[in-house]
Amino acid sequence: MIPLSYLLILSGLLFTIGIIGVLFKRNTIIIFMSIELMLNSANLSFVAFSRYLGNLNGQVYVFFVMVVAAAEVVIGLAIIVNMYRHFKSISADRANLLKW
Amino acid sequence: MEMFLFFFFAFLCVISSLCVVFLKNPIKSAISLIVNFFSMGAIYLILNAEFIALMQVLVYAGAIMVLFLFIIMLLDVKHTLKEEIFFKNNLYLVLSFCIVFLTIIISVATSLYNSGLMAGLKGLDWMFIDNSNTKAIGRILFSKYLLPFEITSLLLLVAAIGIIVLGKKKNT
């Protein structure tokens, strides 16, 4: 049986890589992929705790997180497409006005 | 064997997520994100969460990544490559933040290792009904979590309406 701390360290590594992606990259699609990475790492720690506590609630939460992530990706990509129509670019630096 | 598989897929996870962040081409990073999702699904399988592994492969690697690739191909990739710059001004700030964050996570994880939490409180048998993880999740999802499940369908409806509103052309 894999120790719980290994899974948590893996989850923390993935979360940190996701944070690096969000903070470093200017491409909005890559930023979205990094957000997906962070959601996945949270899911991993949910499943790890669910396994080690012998409790199914964590896996149900992962199910809900997946549904919310799907909705979020759909809306976010629609916003990116609108941004591309408006600015002719998907760089995050171009979206510096708070009004459309 | 379990340890070996875990380390293999964990290595694959970390490498592919580094590829997602640091590759220049968005299509390549999308492909490596698919690799990441598959190896994550394998880790879920190692953790005996078969339903979650299935959902991971179906929803993430299937639906979400197809959407990502479709949007990448819909938009112009060459345009964005020129504007792709790194955040050079705050590089050290961001890196030090990430290192502190990782240190906190690792220290918490190792302190958990030292405490007795990892022994397993209730045992595994509660996770399986008739040798099926999916059946157990279905039972708990439609009894204890019935209201959040229905609210989730409402959320999906809101997302569908939102995508119609956002995707409409402005000329009408």
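General remarks:
- Euclidean distance between Cα centres, the stretch A:3-66 to the stretch B:1-20, Å: 14 Å
- A:Arg51 contributes an accessible area of around 20 Å² to the protein surface, as traced by a 1.4 Å probe with all chains present.
- Average other protein chain Cβ within 10 Å of Cβ, residues A:60-70: 6
- Accessible carbon and sulfur surface of the stretch B:1-74 relative to its total accessible area, %, 1.4 Å: 86 percent
- Peptide B:146-152, shielding by other chains (average Cβ, 10 Å cutoff): 2
- Heavy-atom SASA rank of A:Phe15, B:Phe70 (probe 1.4 Å, accessible area, largest first): B:Phe70, A:Phe15
- Residues losing 50 Å² or more accessible surface upon assembly, the stretch B:41-60, compared with the chain by itself, 1.4 Å: B:Tyr44, B:Leu47, B:Ile52, B:Tyr60
- At a probe radius of 1.4 angstrom, the accessible area of the stretch B:1-77 per residue rounds to 44 square angstrom.
- A cut-off of 5 Å between modelled amide H atoms, ignoring neighbours fewer than 5 places along the same chain, links B:Ser132 with no other residue.
- The share of accessible area on chain A that comes from carbon and sulfur is 71 percent, using a 1.4 angstrom probe.
- From the C-alpha gyration tensor of the stretch A:4-100, square roots of 5λ in Å: 32, 16, 7
- Heavy-atom accessible surface that B and A bury in contact, both chains counted, 1.4 Å, Å² to 100: 7600 Å²
- B:Ser143, A:Ser34, ranked by accessible area, largest first (probe 1.4 Å): B:Ser143, A:Ser34
- Residue-level accessible surface for B:Lys168, protein heavy atoms, 1.4 Å, Å²: 120 Å²
- Relative contact order %, the stretch A:29-81, counting alpha carbon pairs below 8 Å whose residues are six or more apart: 40 percent
- 23 Å Cα-Cα threshold exceeded, pairs from B:Lys24/B:Lys169; A:Lys25/B:Lys28; A:Lys25/B:Lys168; A:Lys88/B:Lys169: B:Lys24/B:Lys169; A:Lys25/B:Lys168
- Nearest-10 value in Å² for the accessible area of B:Thr152, using the 1.4 Å probe: 20 Å²
The values are calculated or read from the model by the stated rules, or taken from the named source; none is laboratory data. Nothing here was measured: the structure is a model prediction, and the numbers come from that model. Glycine gets a Cβ as well: all are built from the backbone with ideal geometry, and neighbour counts include every protein chain shown. Please note that ligands, DNA and RNA were not included when accessible areas were found on the heavy atoms of the full protein model with its side chains. Shrake-Rupley method; radii C 1.70, N 1.55, O 1.52, S 1.80 Å.
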